[in-house]
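Engineer: I am attaching a structure below and will ask some questions about it afterwards.
The values are calculated or read from the model by the stated rules, or taken from the named source; none is laboratory data. It should be emphasised that the depicted structure is a prediction, and the values quoted were computed from it without experimental measurement. Note: areas computed on protein heavy atoms with side chains; ligands, DNA, RNA excluded. Shrake-Rupley method; radii C 1.70, N 1.55, O 1.52, S 1.80 Å.
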Amino acid sequence: MRNLASLWTLLLMLTIALVAPTRGRHEHPVPVWTPPPPPRRHATARRFTVPPPRSSEVLPEPVTDTFPEPELLDPEEHSPVRPYVTELERLRQAREEEGHCPACGAAVPAPDPSAPPAYGDGLDDVRAELSPLVRQWLSQREQANAVGVVR
């Protein structure tokens, strides 16, 4: 059965190859449809004019209100960076200045001013060990600059 199908396929291909009309390799097919020629342009360009306003049409009155002087505006509320400050923003700023957490509102203890800041990046203990050495180096450098070491 398989051989019979392949024979029929071979026969069909040979029939198409022999019967189908052949064109020359360099022959160009003739287009069936040709586009129409472009329209001719007129010598003068079209001019569009705005019709005059109708007498029944009423135009709005121009705005003649004066704006307040910039000096009279509150600079805290009207700044180029923040055009307005809402009451909620004022409350948030006041609570943050009092030492409350901006996210949850809980009271955050103020850090000891004499203690070095804790960055929480895992290097705080290294900074604590290095700080006396850094202070010593800075003092030696200041003494050297004061004396004026000649090289």
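Engineer: Give me, ordered by chain and number, the residues 5 or more places off V108 or on other chains with an amide H under 5 Å from its own placed amide H.
Structural biologist: Those qualifying (amide H under 5 Å, at least 5 residues apart or on another chain) are H100, C101.
Engineer: Work out from phi, with θ = phi - 60° and the Karplus expression 6.51 cos²θ - 1.76 cosθ + 1.60, the ³J(HN,Hα) of each residue of the stretch 99-107, listed in order in whole Hz, and give x for Gly and Pro.
Structural biologist: Here the 3J(HN,Hα) series is x, 9, 5, x, 7, 10, x, 6, 6 Hz.
Engineer: For the full complex of protein chains and a 1.4 angstrom probe, list H28, H100 by accessible area with the highest value first. Could you put the intermediate results ahead of the total?
Structural biologist: Working: H28 155, H100 45 Å².
The ordering from most to least exposed comes out as H28, H100.
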